[in-house]
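Report on the structure given below.
The values are calculated or read from the model by the stated rules, or taken from the named source; none is laboratory data. Please read all numbers here as calculations on a predicted model, not as lab measurements. Cβ sites come from the backbone with ideal geometry, for glycine too, and all protein chains shown count toward neighbours. When the accessible area is computed, the model is the full protein with side chains, heavy atoms only, and any ligands, DNA or RNA have been set aside. Shrake-Rupley method; radii C 1.70, N 1.55, O 1.52, S 1.80 Å.
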6 protein chains.
Amino acid sequence: MQLQYQLLLFTLLLAASDALVQDFCVADLSLPAGPAGYPCKKSVTENDFVFSGLAASGNTSNIISAAVTPAFDGQFPGVNGLGISIARLDLAPGGVIPLHTHPGGSEILVVIEGTICAGFISSFGNTPYLKTLNKGDIMVFPVGLLHFQFNSGKGPALAFVSFSTQNPGLQITDFALFKNDFPTELVAKTTFLDVAQIKKLKGVLGGTN
Amino acid sequence: MQLQYQLLLFTLLLAASDALVQDFCVADLSLPAGPAGYPCKKSVTENDFVFSGLAASGNTSNIISAAVTPAFDGQFPGVNGLGISIARLDLAPGGVIPLHTHPGGSEILVVIEGTICAGFISSFGNTPYLKTLNKGDIMVFPVGLLHFQFNSGKGPALAFVSFSTQNPGLQITDFALFKNDFPTELVAKTTFLDVAQIKKLKGVLGGTN
Amino acid sequence: MQLQYQLLLFTLLLAASDALVQDFCVADLSLPAGPAGYPCKKSVTENDFVFSGLAASGNTSNIISAAVTPAFDGQFPGVNGLGISIARLDLAPGGVIPLHTHPGGSEILVVIEGTICAGFISSFGNTPYLKTLNKGDIMVFPVGLLHFQFNSGKGPALAFVSFSTQNPGLQITDFALFKNDFPTELVAKTTFLDVAQIKKLKGVLGGTN
Amino acid sequence: MQLQYQLLLFTLLLAASDALVQDFCVADLSLPAGPAGYPCKKSVTENDFVFSGLAASGNTSNIISAAVTPAFDGQFPGVNGLGISIARLDLAPGGVIPLHTHPGGSEILVVIEGTICAGFISSFGNTPYLKTLNKGDIMVFPVGLLHFQFNSGKGPALAFVSFSTQNPGLQITDFALFKNDFPTELVAKTTFLDVAQIKKLKGVLGGTN
Amino acid sequence: MQLQYQLLLFTLLLAASDALVQDFCVADLSLPAGPAGYPCKKSVTENDFVFSGLAASGNTSNIISAAVTPAFDGQFPGVNGLGISIARLDLAPGGVIPLHTHPGGSEILVVIEGTICAGFISSFGNTPYLKTLNKGDIMVFPVGLLHFQFNSGKGPALAFVSFSTQNPGLQITDFALFKNDFPTELVAKTTFLDVAQIKKLKGVLGGTN
Amino acid sequence: MQLQYQLLLFTLLLAASDALVQDFCVADLSLPAGPAGYPCKKSVTENDFVFSGLAASGNTSNIISAAVTPAFDGQFPGVNGLGISIARLDLAPGGVIPLHTHPGGSEILVVIEGTICAGFISSFGNTPYLKTLNKGDIMVFPVGLLHFQFNSGKGPALAFVSFSTQNPGLQITDFALFKNDFPTELVAKTTFLDVAQIKKLKGVLGGTN
């Protein structure tokens, strides 16, 4: 009977061989990406589907007392083409992830440790949706809307955030306005912020012009 | 021979009748929308595919000396399900469309009259991409990124902006921060703006808290 | 100047009002779903975007010493239309999530506590990709492929699993074969399992025929 | 041990129940469709996934000596939301499916009986791709391009055509031009056909104006 | 305090660097495209997002007294991957864009100058939807359906047409039938047009066979 | 007049030339695929859209008395990017296609000859949907669900199966469990099958460990 099975295997696999290469598409980061992601690596192992880069705390010794550690396609090529990615959020006491958007995808946050105040603002009516989240709570942030998280507890806070895309992008409003050479005059004109305020934050964040 | 054609029509159309209802799906705004848009109207005419609401100039007698007039699914139900929409931009001399994002889609702007300075900021490296556009020039703004337009000429400016979705949304950063009851303390904490600056703009835009 | 801003707001919002209703689409579970998800609720609050149902451990007092607690669209209507969802995995010592697929989406698992052995099998070459994961490790499981997780440590294990869809589905192979009235004869014919084996597992899982 | 399994089932299914309703979405044709298809039927049986309407030959006693019998969402609600549909083509000797497009999807044709000459025309360079197909041959027609099939053999021909959507639409060029009240003057203006030719075909197909 | 911000930037950007490369994907036209578009250029400037090729009138000194000037991915690589493109329509008095389809996307037209009569034909019931459009009017043409535009006024007409894709394609029915080597016999067989009519138009358009 | 038409062609085609390359995207299998499929071949002929590999019966002289012959992107590069593919099923008397899933797409089966018993199992409630299909009957199998087909008649059976993707994948449960080096201990742990049963089938299918 084994022989017959062998024949079966031969028949089925010979016919199907080329057809089955796309169960997954681990990114070959050495080739240029396209709109749908990176070309697929030819040869993969189990290590392409596992990532340990989120196991250690991010360094929160900075002014926001916070760190974002991503596992997007650039860090974790196994997610290429799969429509999902994840990141780690470390928030020391007082830590904050400033207002930002992810242009490319929606986000779910799950609190692992501590207490996090989070919120987003809808474009319709400019309504803020704010909530204090405890361990085990989850919150969803719809694609492209301004949102933030900060540690509202006394100890450190830890969360994981998942995204509906392999690379959601991250646009921190303050960085977009003040940490570049976007001319102060144009920032003022398009935000109505005072020039002094703009110059102050450009100074802090290293922006010019 | 006509009879034979009639038979053909009878045969073909009888078989195909129910299958062909989805050339388009004009929105029935009286029913609740879903993630892909509104349910389809049962009966349509040519008027469902035409809209004259962009023919007149928007009223620019306001502080930004500008007006946005949309033809999204809510105003122009014919675009429902078709992945496209359009809006009209009127910019009086000095007019500006403040920094904003469209969470749902990319945008192409075409200048019809006047001179417009436009720009967007990428999330990677916070690079501003700025350009002065003259009549007939077009510019594309990738989905979800902060961008702006202002009249950099002496006379009025007119542009049409198209979107890669039936409803791109519109989140004006200033409105999201200052034109609502988003607490001043939280705005300060998540943007590093000074409290005085926040209160000033909340005063102007009608925000509270 | 406030007056002028008020005029601006009036102008902009009047024009844009209907267009901006789709920042999100919280599921109205009382209406029938369609292929893209549920119709949107008319009125939402911050509570629609937050879920506490994953905060408590699942009950692992069962034969697999494991529990899956989902936050899919049915439990967490805020994810409707956003292409993402999440679930909690509790694995007591010895606990196992038997071989299963998610027909609708890819999965990322992050280990919060304990040690988990996980794996999936590709359809091309029937290659198993197996790995032991420690706290903070992540693993991605491509859409539709057979995979499993079990607690390979000494204490309890906890993980969160995110999905690239609002409702990934869950097809446990054993349940599909043995926990229903799928005739034993057909199970044998289509799996080559021995009838005695099938009857034994049908007995355990409550299957008939 | 059975008891423990029962507990498992209870635990798992209680948690997962609402989450798993979307393995499929059989169309409820009594409700209005949306851009993604019809709302899902609440209760289904195996008969919702099977269709016998393609088993019998279509009636080819008509001027084109051909018949198209569709199994699109309107006829076969089981395909709703699944991105696939099928139709049967019967071509008596001399039979022809006139030039047409499917606005919504690509097509694969497989010849079951007889000999069929088929072709499509690309929009780039207006290149015709023509081929005579025998039993068992397949041909693919890219979405939206003009194509045709006719019986180039001596006996009857039978084919099945599959589509990459639940409802591809069907626009037969001759019907669009001549079998309606599209004014002869406009047909002439937009096609450069002679008025006499237009009137002749309008007469045959039952068009007016 | 600046030092602390610098630390923040270092931390955040180091972690996120590779993750943020896909705000956009300007086409590298020197590499082969795939189904989702072209691979992304490595280095971009603001000029990649701006195009002046639509600023000048198209040359309407031809038999249709009309010109279409596209800004699709091939001309305007900045739209690659963004699901949108645009073109300019110039119609001299009497000018006409003959019946055509865009296999790949839906279209919105906005009239900038003059009066344009436009229409499309649905596949269901072969219903024509016709309308005369004045300056500022918009009309939407659902994907894949036959449509046309002609100048119905006395002076020149100008319009911009936007598409729901980076490359909608353009299949002009007359060109597909008569401006190639598609054999006259096959044109006749699949359109029911008279051979004399076909030969006449092939003569005019340069077709053979 | 011909001259004028020539001018038209020149004008239109010059403007549009680069824009129209993506009516289709025949796979260049020599280049690495990406998540959306293979890069497009530069030069194509009508033979790229036709495939004769399904014309001959598959070899059913094997233990399952069955053969699957695919025309996926690997065998039939013309389907690349078009969201559709097809395969041929040959079932000798007694033949069976064992329980399997297609991770990537839904399937429609049409019976060409003989009698086929087919079924799938939903993940919700583990409900089997079983049906005996005769010549001309069709059945749809929703994406990712376990399903099977076997010849329930006396003579040979033939079917064609179409898929909603260019490469649906094929995961045969028995092969995933027993035809590889997936350790027996892990198979037992994650399926509850007896070790003896596993070893027996591993022996038959050539698995190890």
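What the table shows:
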| quantity | calculated |
| --- | --- |
| Label-point separation, A:N209 to E:L31 (7 Å along Cα→Cβ), nm | 2.8 nm |
| Long-range amide H partners of C:N80 with built H, under 5 Å | C:A27 |
| Radius 14 Å from Cβ of C:V50, net charge of other residues (Lys, Arg +1; Asp, Glu -1) | -2 |
| Cβ nearest the rotation axis (A onto F), residue from chain A and distance to the nearest whole Å | A:A36, 2 |
| Cysteines having no other Cys beta carbon under 4.7 Å from their own, within chain B | B:C117 |
| Label-to-label distance, nm, for residues given as E:S61 and F:N47 (7 Å Cα→Cβ offset) | 4.6 nm |
| Chain A: angle of helix A:195-205 to the longest principal axis, Cα-based, in degrees nearest 10 | 50 degrees |
| Test item: F:58-68 mean partner chain Cβ contacts at 10 Å | 6 |
| Relative counts (whole %) of C-alpha pair distances in segment C:127-167, using bins that are 5 Å wide | 5, 15, 31, 25, 16, 7, 1 |
| Value of relative contact order over segment C:109-209, rounded to a whole percent, pairs C-alpha under 8 Å and six or more apart | 26 percent |
| Chain A: angle of helix A:2-16 to the longest principal axis, Cα-based, in degrees nearest 10 | 50 degrees |
| Dimensions (Å) - the protein assembly as shown, Cα atoms, principal axes, largest first | 87, 87, 49 |
| Shape call, segment A:63-146: gyration tensor on alpha carbons, a/c limit 1.5 | oblate |
| Percent of Cα-Cα distances greater than 30 Å, calculated over chain B | 39 percent |
| Dipole moment magnitude, nearest 20 debye, chain E about Cα centre, only Lys, Arg, Asp, Glu C-beta charged | 580 debye |
| Cα point-scatterer Debye curve for segment F:99-143, base-10 log of I(q)/I(0) at q = 0.26 Å⁻¹ | -1.01 |
| Amide proton proximity set for A:G144, modelled H, under 5 Å, gap of 5+ | A:H102, A:G105 |
| Selection from E:T191, E:N134, E:N180 lying farthest towards where the dipole of segment E:128-209 points positive, charges on Cβ | E:N134 |
| Cα shape, segment B:92-209, gyration tensor, a/c 1.5 rule | prolate |
| Chain D: relative contact order in percent, alpha carbon pairs under 8 Å with at least 6 residues between | 19 percent |
| Kirkwood estimate for segment F:131-192, i.e. one over the average of 1/r between Cα atoms, Å | 14.9 Å |
| Probe 1.4 Å, all protein chains present, accessible-area order of E:L130, F:L109, largest first | E:L130, F:L109 |
| Inter-chain shielding of C:86-99 (mean C-beta neighbours from other protein chains, 10 Å cut-off) | 3 |
| Residue-averaged beta-carbon neighbours from other chains (10 angstrom radius) around B:187-199 | 6 |
| Global form of segment F:50-108, assessed from the alpha-carbon gyration tensor, a/c cut-off 1.5 | oblate |
| Loop-exposed trypsin sites (Lys or Arg not before Pro) per DSSP, neighbour cap 10 Cβ within 10 angstrom, longest uninterrupted part of chain F | F:43-153 |
